[in-house]
Amino acid sequence: MKVALVHRYFWPDTPPYAVMLRHIAKELAKNGHEVTIYSTQPSYKKNYEVDAQPWVEEMDGFLVKRVKATREKNKNPLLRSIAMLGFSFSIF
């Protein structure tokens, strides 16, 4: 079965769900599913810089595709909503 997992944050980004998503994808791939994760470049914490990751890479038996999205450096709910919409449109 083909499985698409979509989330703004993915490993090596720092929130727990970014790490959990990697484990979920790895387990699905191990069970024979064709898994693709759609995410963005690491950008969760302003004061914790993670090196830019490849835009497309094979990892643990699944494919990771990162799309361009604005960084969420602003606490303004309107600007954060616009950033999330931009991410959603990039996925489509």
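The values are calculated or read from the model by the stated rules, or taken from the named source; none is laboratory data. Remember, it's a predicted structure, so these values are computed and weren't measured experimentally. All Cβ positions, glycine included, derive from the backbone under ideal geometry; neighbour counts span all protein chains shown.
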Among residues of segment 2-41 being touching a helix residue (DSSP H, G or I) at 6+ places or on another chain (Cβ under 7 Å) and surrounded by 18 or more Cβ atoms within 10 Å (Cβ to Cβ), the residue nearest to residue 55 (Cα to Cα) is 40
Taking segment 14-36 and keeping residues touching a Lys or Arg at 6+ places or on another chain (Cβ under 7 Å) and either part of a helix (DSSP H, G or I) or aliphatic (A, V, I, L, M) (or both) leaves none
- Task: Please work out if residue 33 is modelled with pLDDT of 85 or more and more than 21 Å from residue 88 (Cα to Cα).
- Result: yes
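I'd like the full set of residues that are at pLDDT below 75 and either in a helix (DSSP H, G or I) or surrounded by fewer than 12 Cβ atoms within 10 Å (Cβ to Cβ) (or both), limited to segment 57-78. Show your work before the answer.
Within segment 57-78, the subset at pLDDT below 75 is 69-76.
73, 75, 76 - these are the residues of segment 57-78 that are at pLDDT below 75 and either in a helix (DSSP H, G or I) or surrounded by fewer than 12 Cβ atoms within 10 Å (Cβ to Cβ) (or both).
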